[in-house]
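J.: Can you keep this structure in mind? I'll have questions shortly.
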Amino acid sequence: MLESQKVFLVNAVLNYFSQLSPISSEFIQEIENNVEPLFIKKNKHILSPIDNNNCVFFVVSGLVRGFIREGNKEITTWISAGNEFVGAIQHPGAPPKPSIEYIQALAKSELVAIPYLLIDELYTNYPETNIIWRKILQFQYHAASERSMLARIPSAERRYEKFMELNSVDATRVPLRCMATYLGMRLETLSRIRSKMVRQVV
């Protein structure tokens, strides 16, 4: 990755933070010195259960999903199109350990990895961290609530419609198999629903 690309990705994180709270020059320096910009190719894993789950990721651009494996089936748990933080399941306050969740790039993606240890240090030394991470957690709670609501809608067609209403993700960019497991329906059902909606638009 070119140095200019790395600077761009780190600045994207800093810009996001600065929208949530004013940040000090010392805070900026800590971020610049301790985060890791990543460029991930399509279909590559960013995190898997064989890796230490010791970072949270800011998705700058691309398309990223979380998923778990149940037998030989992959079940998508969330989808991100960028400008937000994502991470694998981790018990709050517990030492970092491998997660059952995978994180995968569904398209070429640019991310920034931020170690949990760095976040702890920022909490200790920079008061703005409390404001920033409180707001991020509010966004995360809201997104988790929407996913919970989505999963409880009994109609498969209505679940798809609600996903389209709630998300900025372009559904056509998401592989059908991933979208189907995310919405809790068979691949054939999702294909039928999407075909029906295309006919209605035409």
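J.: Within the stretch 178-201, can one find any residue that is of a type in the set (A, V, I, L, M, F, W, C), open to solvent by 50 Å² or more (accessible area, probe 1.4 Å) and in contact (Cβ under 8 Å) with a residue 12 or more places away in the chain?
T.: Checking the stretch 178-201: not a single residue is of a type in the set (A, V, I, L, M, F, W, C), open to solvent by 50 Å² or more (accessible area, probe 1.4 Å) and in contact (Cβ under 8 Å) with a residue 12 or more places away in the chain.
J.: Which pairs turn up if I take residues in the stretch 48-74 that are without any contact (Cβ under 8 Å) to a residue 40 or more places away in the chain and on the phi > 0 side of the Ramachandran plot and look for partners that are surrounded by fewer than 15 Cβ atoms within 10 Å (Cβ to Cβ) and of a type outside the set (S, T, Y) with beta carbon separation below 6 Å, at least 6 apart in sequence or on another chain?
T.: none
J.: Looking at (1) aliphatic (A, V, I, L, M); (2) surrounded by 13 or more Cβ atoms within 10 Å (Cβ to Cβ); (3) under 28 Å from S191 (Cα atoms), which one does A151 not meet, given that it meets all the others?
T.: Going through the list (1) aliphatic (A, V, I, L, M); (2) surrounded by 13 or more Cβ atoms within 10 Å (Cβ to Cβ); (3) under 28 Å from S191 (Cα atoms), A151 breaks only (2).
J.: Could you please find all residues in the stretch 13-29 being open to solvent by 30 Å² or more (accessible area, probe 1.4 Å) and in contact with a Leu (Cβ under 8 Å, 6 or more places away or on another chain)?
T.: Within the stretch 13-29, I23, I28 meet the criteria.
J.: Tally the residues that are of a type in the set (A, V, I, L, M) and modelled with pLDDT under 90, restricting the search to the stretch 166-202.
T.: Summing the residues that are of a type in the set (A, V, I, L, M) and modelled with pLDDT under 90 in the stretch 166-202 gives 7.
J.: Out of F39, F27, report the one residue that is in a helix (DSSP H, G or I), in contact (Cβ under 8 Å) with a residue 24 or more places away in the chain and over 27 Å from R147 (Cα atoms).
T.: None of the others qualify; the one that does is F27.
J.: Moving on to the next point. Just checking, how many residues over the stretch 61-77 are in contact with a strand residue (DSSP E or B) (Cβ under 8 Å, 6 or more places away or on another chain) and open to solvent by 30 Å² or more (accessible area, probe 1.4 Å)?
T.: Matching residues across the stretch 61-77 total 6.
J.: Could you go through the stretch 41-49 and let me know if any residue there is within 15 Å of the chain's Cα centre (by Cα), over 15 Å from S109 (Cα atoms) and surrounded by 15 or more Cβ atoms within 10 Å (Cβ to Cβ).
T.: Scanning the stretch 41-49, I find at least one residue that is within 15 Å of the chain's Cα centre (by Cα), over 15 Å from S109 (Cα atoms) and surrounded by 15 or more Cβ atoms within 10 Å (Cβ to Cβ), so the answer is yes.
J.: Continuing with the same structure: So which of I50, I68, I89 ends up being in contact with an Asp or Glu (Cβ under 7 Å, 6 or more places away or on another chain), more than 29 Å from S4 (Cα to Cα) and in a loop (DSSP other than H, G, I, E, B)?
T.: I89
J.: Continuing with the same structure: Hey, among F163, F139, which residue is within 20 Å of I75 (Cβ to Cβ) and modelled with pLDDT under 95?
T.: Residue meeting the stated conditions: F163.
J.: Ok, one more. Give the residue that is most open to solvent (accessible area, probe 1.4 Å), with candidates limited to residues of the stretch 78-96 that are under 12 Å from the mean Cα position of the chain (by Cα) and modelled with pLDDT under 90.
T.: I89
The values are calculated or read from the model by the stated rules, or taken from the named source; none is laboratory data. None of these values were measured; they are calculated from a predicted model. Here the Cβ is made from the backbone with ideal geometry for all residues, glycine too, and neighbour counts use every protein chain on show. We work out accessible area using only protein heavy atoms, side chains counted, and drop any ligands, DNA or RNA first. Shrake-Rupley method; radii C 1.70, N 1.55, O 1.52, S 1.80 Å.
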